[in-house]
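First up is the structure itself, then whatever we jot down about it.
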Amino acid sequence: MTRAMGAAMRRIHVGNALSAFGLGFTVPYLYVYVAQVRGLGGMTAGLVLAVFAVAALIVLPFAGRAIVRRGPRPVLLVALVLAAVGALSLGLAGSAGAVLLSAAGLGAGQAVMQPALATMIVECSTAETRSRAFAMQFFLQNLGLGVGGLIGGHLVDTTSASSFTLLFGIEAAMFLVLAGVMATVRMPHSPAIGDAPSQSAKGAWKQLLGNRAMVQLSVLGFVMFFACYGQFESGLSAYGVEAAGISTSALGTALAANTAMIVVAQFAVLKFVERRRRSRVIAGVGLIWALAWVTAGYAGLGHGSQEMATAAFVSTYALFGLGEAMLSPTVAPLVADLAPEGMAGQYNSAFALVKQLALAVGPAVGGPLGASLPGPYVVMFLVFSLGISVLAVRLGRQLTAVQDQPWRAKGSLVVARGAAEPVGVDV
């Protein structure tokens with residue numbers, strides 16, 4: 001990495017940590033705020049969560065093209081201002097219409113932030129440093145969310161709407177601070193309109209869909225996000241409360257265990273996965289998550305004591321965290337390495353769109369199933385986790401040697417990018 005790349009990366013990481021810190025203040029309390037504090041009911045609160053997903057699905061197809069043509073930083077700055085306005089408006093909104101409109105702005109801004117930041121990290125890293133850069137991003141995100149949520153929990157008062165206005169104000173301020181930090185970043189390469197590929201948006205999507213490895217990774221990504229992230233705050237929590245008899249405090253402990261596992265294990269895991277084939281690492285995550293679902297099955301369907309059920313349920317979230325720590329230096333860098341030159345923004349946005357689809361479908365399927373049919377729920381997601389391993393092995397056959405094992409680029413004169421012919425490698 002050049003000195004300019006290193007300086008830009010440090011600013012990106014600092015800004016990323018600050019934005020996650022701001023999000024942590026409000027994310028755990030959004031449902032309570034809308035349903036109880038503003039007195040708008042559970043239906044409106046559910047609609048707010050749905051609006052977040054819908055807003056993301058609307059803007060992400062356009063975000064990739066904008067990043068390619070304008071560069072990631074201008075797009076990120078617009079997204080941050082939109083998110084800040086949405087957050088502040090949400091903290092002041094008193095009617096259902098105002099809450100939903102504010103949520104749409106906040107959701108759209110947050111959705112565009114993801115691929116824009118990912119593309120900035122790609123442009124400030126090399127094939128050898130990219131895994132570590134994305135691992136650091138994931139570590140800081142979880143640390144920021146955890147610290148923000150902890151502080152927010154001490155500030156919030158469910159009997160006072162002004163306390164929530166303070167939380168959303170802090171979140172908006174953090175977005176604006178991130179915008180200020182990002183405005184000072186000097187990117188090593190900031191694409192202008194003339195640098196962008198000449199094909200139309202339709203042509204860009206056609207090219208992406210013609211990349212078999214990217215299509216397979218997108219399918220794999222959908223299954224991963226559906227089977228893990230899409231269950232955290234819906235199906236798995238409903239299963240824990242209804243089937244395992246988990247208290248709300250124990251549920252909070254489980255979520256904390258997930259974050260703690262990521263924070264503690266991230267860099268130890270990074271050393272383990274850096275020199276291993278990406279496809280095999282992802283396959284290993286599928287097996288770890290399968291073990292997590294077996295543990296969850298014992299918590300809700302076993303015949304042990306309540307203490308054992310609670311311990312098993314907390315362990316389930318910790319195992320999910322271990323898998324997440326393995327994915328952070330693996331999947332996002334792979335998306336970047338599959339993208340042809342100048343198309344990282346398009347590919348990052350497409351993968352973010354897949355993630356949002358999974359996060360929209362996951363709770364809708366998992367919530368009712370986890371609460372009413374605990375046995376089929378566990379078996380279903382156990383099978384999905386094993387499917388991750390199968391899909392990952394198949395994906396490995398579509399990757400070049402350097403895409404699957406990026407450290408090989410150090411001794412290679414040419415690093416393959418985009419849709420290239422797979423090259424067989426030794427395990």
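In whole percent, what relative contact order does the chain give with Cα contacts below 8 Å and a gap of six or more residues?
Dividing the mean separation by the residue count of the chain yields 24 percent.
Could you put T259, T184 in order of accessible surface area, largest first, with the 1.4 Å probe and the full protein assembly present?
T184, T259
Which entry in (i) 66; (ii) 26; (iii) 37 is this structure's computed percent of Cα pairs over 35 Å apart?
For percent of Cα pairs over 35 Å apart, the calculated option is (ii).
In whole Hz, with x marking every Gly and Pro, tabulate ³J(HN,Hα) for segment 121-136 from phi via Karplus 6.51 cos²θ - 1.76 cosθ + 1.60, θ = phi - 60°.
5, 4, 6, 9, 9, 10, 4, 7, 9, 5, 4, 5, 5, 6, 5, 5
Taking only Cα atoms of segment 202-241, what ratio of Rg to Rh do you get with Rh as the Kirkwood inverse-distance radius?
1.28
For segment 306-370, rounded, prolate or oblate, judged on the Cα gyration tensor with a ≥ b ≥ c (square roots of eigenvalues), a/c < 1.5 rounded, else prolate if a/b > b/c?
oblate
With loop defined by DSSP as not H, G, I, E or B, and exposure as at most 15 other Cβ atoms within 10 Å, which is the longest segment of the chain clear of exposed GluC sites (Glu not before Pro)?
129-340
Percent of accessible area on the chain owned by carbon and sulfur, 1.4 Å probe?
Carbon-and-sulfur percentage of accessible area, whole number: 67.
Just report the Cα centroid separation between segment 344-379 and segment 149-182, whole Å.
Their Cα centres are 28 Å away from one another.
Give the peptides 326-333, 174-181, 158-165, 371-378 in descending order of average Cβ contacts within 10 Å, highest first.
326-333, 174-181, 371-378, 158-165
When the helix-only estimate is applied to the chain (DSSP H runs of n ≥ 4, each -39,500 (n - 2.57), divided by the residue count), what is the mean residue ellipticity at 222 nm, nearest 500 deg cm²/dmol?
Roughly -26000 deg cm²/dmol at 222 nm, from the helical runs in the chain.
In Å², what does the accessible area per residue of segment 267-361 work out to with a 1.4 Å probe?
34 Å²
Could you tell me which of A93, L208, G240 has its Cα farthest along the dipole of the chain towards the positive end, charges placed at Cβ (Lys, Arg +1; Asp, Glu -1), taken about the Cα centre?
L208
Protein chains only, probe 1.4 Å: how do H303, H13, H154 rank by accessible area, largest first?
The ordering from most to least exposed comes out as H303, H154, H13.
The values are calculated or read from the model by the stated rules, or taken from the named source; none is laboratory data. Since we're looking at a predicted model, the values are computed, not measured. Cβ: placed from backbone, ideal geometry, glycine included. Neighbour counts: every protein chain shown. The area values use the complete protein model at the heavy-atom level, side chains included, leaving out ligands, DNA and RNA. Shrake-Rupley method; radii C 1.70, N 1.55, O 1.52, S 1.80 Å.
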